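Below is one structure, written out as structure tokens, with a few remarks after it.
What follows is calculated from the coordinates using simple rules that are stated; it is not laboratory data. Because the structure is predicted, anything quoted here is derived from the model rather than measured. For neighbour counting, all protein chains shown are included, and Cβ atoms are generated from backbone atoms with ideal geometry for every residue, glycine included.
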Amino acid sequence: MTNIVDIAIPPDAGAITFGVACPASPQALSGIVWRYTTTQQPDGKCGEITPATPSVPLGSPGTIAGRYFVLEGAVLKLGSDGPIPYQVIVSLRGSNGTAFHQEVPQDGGVGTVDKESSPFQYSFHAV
Amino acid sequence: MRCRRYPHSHAARTGARQLVLIGLGVFLLVPKHRLTAQAVTTASTTANDSATSTRIGELIQSVSYGVPASPAFELLPNKPEEVAPLVSGHDFQTNAKTWLDGTALRIGIAVDSRPFVKNGGSLSQYQRSTVRQIAFRTMLSAGTARATDGHATIAAIGVRIPLVDDGDARADSEFVQLAAGTINRVIASLPQPPLNADASFFAARMKIADKALDSLRDDYERRKWNARKLELGAAGSVQAGGTQLTPDSTQLGRAGFWLGGAVPVSTWLQLTSSGAMTWARTDSVGQESSRASGGLGLRAFPVAVFSVAVEVARVQARHTGDRGADHWTHLGTVAEWYVAELGGWLGAGYGGDLNRSGHLDRQLSLRYAFYKDRLLTQ
């Protein structure tokens, strides 16, 4: 079972964005951010992560309070260039751009891309 | 490098046959010209067997073209069949500690790694910086082997530096964005995962999505088969009298330097150029002590069922005890086409070494064979 991280959202953070980066390795990341209700029921797609759009807006602290989110991400295998290491960092930022939470996902956040794309996941609960 | 698919349509076969006739015409013309210009030229044909197809392949492989994928292995008596890919330079250092058993060097080591894999920066930094791209793509290779005398041990280390590579998918922001969009499209088409899904659930979905990326990667490699490239390679080896690496028993063995480049002429035609220099420590008079070569080549894949390669190289070899150097010109031309009715490739090769003194293969020859796996690949 995937670990779900409780993240305290500062009430004055403004519009919240969720971002993914791989700062130390030239890896291409993709992902779908799924949204869940406060009762953990599926509530559709929240946004898409691509190299050109590495973050997605989640909403204001009030609208996301109590909700759950899951990033279903991938480190892409692009060519036949052998094993390449990676470390993914996810972050939550307020409207001023400052990250109030950063973390390496426990599920697949560190690894090596070799013969196929590598999945990683990050689940969190906005509290 | 991968083989093209074989179209079996009537139009494709008809077009291929026309090209085959043109190709044959070229082959028939070239020997006549050479027969006139070079009195030593002869033409010979041999039976259709695997040995002949091997010899046809050798026409375009006897001179080192381009930079070897792992330069160090070029200096070993036999190229290793299996190479252990190490992820980083740190892994390389760690692995190197296992090469020694006391002071004895283990035999059969073959590894390669990217020493600067952690210097590539983020993807956007990588795409903006040529220096980061060169550092990231640089490959270090090392290997050990038993010398052909059965006693001495050879250890080699080499580096390949791809200075220019327009076929680097990682540096192509448009392709990267397309690849990410493809994965996302597949994932988004699947039902939303339950909140408590485990890693194996997501891994299974990723396998489905990655299949969609396979065709995109294959298509990219096909489109970029003749992308502009420029590479440097260098390697050196030492030879120890036994397996003990002591200063008294170890001496320099061989060294090599390679430079290779390629440019696209059209979507189906590639022009390559190459230069190589190798030096070897010699024990007795008459052994080859150095060799330098440079040449040009053309590789054409106009249709999936027909391909042709032409290579010309000038080679100079020096031998211990000889004041002068041997010079010769190597010519290699190979054409092959897929015969759908027979399920294989009909290939013809013309070439050899011109004016190579004291060598049985100094004459040009024409060979043909039928074989299952094509010799020329993109």
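Worth a mention:
- Residues B:Glu82, A:Glu72, B:Glu74, B:Glu288 arranged by fewest to most Cβ contacts within 10 Å: B:Glu82, B:Glu288, B:Glu74, A:Glu72
- Rel. contact order, % - alpha carbon contacts under 8 angstrom, at least six apart, chain A: 34
- Exposure proxy ranking, count of Cβ atoms within 10 Å, fewest first, for B:Ser273, B:Ser200, A:Ser25: B:Ser200, B:Ser273, A:Ser25
- Relative to one another, the C-alpha centroids of the stretch B:298-375 and the stretch A:1-48 are positioned 58 Å apart.
- Given charges at Cβ of Lys, Arg, Asp, Glu: chain A dipole, positive-most of A:Leu29, A:Gln106, A:Val56: A:Val56
- Gain upon complete extension [A:Ile89, A:Thr112; 0.36 nm per residue less C-alpha separation]: 6.8 nm
- This model, with +1 at the C-beta of Lys and Arg and -1 at the C-beta of Asp and Glu, gives the stretch B:69-143 a dipole about its Cα centre of some 420 debye.
- Within the stretch A:24-123: Cβ-based charge dipole about Cα centre, in debye rounded to nearest 20 (Lys, Arg +1; Asp, Glu -1): 260
- Charged-residue dipole, Cβ positions (Lys, Arg, Asp, Glu), the protein assembly as shown about Cα centre, Debye nearest 20: 1180
- For A:Gly31, net neighbour charge (Lys/Arg +1, Asp/Glu -1) across residues whose Cβ lies under 10 Å away: -2
- Projecting the Cα atoms of B:Ala204, B:Phe136, B:Gln177 onto the dipole axis of the stretch B:133-211, where Lys and Arg carry +1 and Asp and Glu carry -1 at the beta carbon, places B:Ala204 farthest toward the positive end.
- FRET efficiency for B:Thr377 and B:Asn78, using Cβ-Cβ distance with R0 set to 30 Å, rounded to 0.05: 0.85
- Local electrostatic count, B:Arg160, Cβ distance below 12 Å [Lys/Arg +1, Asp/Glu -1]: -1
- Per-residue mean of foreign Cβ neighbours for B:205-217 is 4 (Cβ atoms of other chains, 10 Å radius).
- For chain A, alpha-carbon Rg over 2.2 N^0.38 Å: 1.05
- Sorted by Cβ density within 10 Å, fewest first, the residues B:Val315, B:Val67, B:Val263, A:Val110: A:Val110, B:Val263, B:Val315, B:Val67
- Virtual spin-label span in nm between B:Arg128 and B:Asp101, 7 Å along Cα→Cβ: 5.2
- Average beta carbon contacts from partner chains per residue of A:61-72, 10 Å cutoff: 2
- Only helices enter this figure: runs of n ≥ 4 DSSP H residues, each worth -39500 (n - 2.57), summed and divided by the residues of chain A, yield -500 deg cm²/dmol at 222 nm to the nearest 500.
- Estimated D of the stretch B:92-150 in µm² per second, where Rh is the Kirkwood radius over Cα pairs and Stokes-Einstein applies at 20 °C, 1.002 mPa s: 157
- The loop-placed trypsin sites (Lys or Arg not before Pro) in the stretch B:273-378, going by DSSP, that have at most 14 neighbouring Cβ atoms within 10 Å of their Cβ come out as B:Arg323, B:Lys372.
- Mean-square fluctuations from a GNM of chain A, with a 10 angstrom spring cutoff on Cα atoms, peak among A:Ile49, A:Ile64, A:Ile84 at A:Ile84.
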